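Inspection log for the structure reproduced underneath, given as structure tokens.
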Amino acid sequence: MKRIWGLLFMIFLFSCDNDRGTRNPYLQEIGFRFDLNLSLPLYSPLTNTGNAVYVGANGVGTRGVFVINAGFDQFRAFEASCPNHPPNDCSTMELNGQTAVCPCEDYEYSLFTGQQLSRPDDGNRYYDMLEYRAVFNGGVVSVSN
């Protein structure tokens, strides 16, 4: 009986996997938490579906965060540093409606999905935006990593 339990324990131990997929080598995942009170004028655009804001406060992401109201009280938050090169002078993306645009290469990303919309077909590896956790509760969106 001990052998069966030992065998089951070994199978369980080796079946655990810590792989979270392919990690972006350009972006460091730092821990932070930031609350956006939607009753404040700066964040009030987020009360309407499809509207997005840029939060560039110190300590929020690497280069700030884009937050979008995806509808039905669901919010998405993404890193504002372009995911396809190391952070530099031009890597902070610019908000353009419901997309984010990297001024370095004009790469464009959807703020609804984080996916790169203008992915070159050159055989190189390209990354989508780094997503952060966004939770809506009582008129406040909490963004964290």
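The values are calculated or read from the model by the stated rules, or taken from the named source; none is laboratory data. None of the values given here were measured: they were computed from a predicted structure. Backbone-built Cβ (ideal geometry, glycine too); neighbour counts: all protein chains shown.
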Practice prompt. From (1) within 16 Å of the chain's Cα centre (by Cα); (2) modelled with pLDDT of 95 or more; (3) in a loop (DSSP other than H, G, I, E, B); (4) on the phi < 0 side of the Ramachandran plot, pick out the condition that doesn't hold for T49.
Written response: (1)
Discussion item. I'm told A70 meets every condition in (1) buried (at least 16 other Cβ atoms within 10 Å of the Cβ); (2) in contact with a Lys or Arg (Cβ under 8 Å, 6 or more places away or on another chain); (3) not in a strand (DSSP E or B) except one. Can you identify the failing condition by its number?
Written reply: (3)
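Identify all residues within segment 84-115 that are part of a strand (DSSP E or B) and under 21 Å from G71 (Cα atoms); write none if there are none.
Residues of segment 84-115 that are part of a strand (DSSP E or B), as a first pass: 92, 94-96, 99-101, 108-110.
Result: L95, N96, T99, A100, Y109, S110.
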Worksheet item: Do the conditions hold for N37, that is, is it among the polar types (S, T, N, Q), without any contact (Cβ under 8 Å) to a residue 24 or more places away in the chain and either surrounded by fewer than 19 Cβ atoms within 10 Å (Cβ to Cβ) or within 20 Å of V143 (Cα to Cα) (or both)?
Response: no
Practice prompt. Go over the candidates R133, R119, R125 one by one and state the one that is of a type in the set (K, R) and either part of a strand (DSSP E or B) or modelled with pLDDT of 95 or more (or both).
Written response: R133
Practice prompt. Tell me, yes or no, whether segment 72-92 has at least one residue that is under 16 Å from the mean Cα position of the chain (by Cα), at pLDDT 95 or above and among the hydroxyl-bearing types (S, T, Y).
Written response: yes
Worksheet item: Looking at segment 33-46, which of the residues that are more than 21 Å from F112 (Cβ to Cβ) and assigned to a strand (DSSP E or B) is nearest to the chain's Cα centre (by Cα)?
Response: R33
Worksheet item: Within segment 1-46, how many residues turn out to be among the basic types (K, R) and at pLDDT 95 or above?
Response: 1
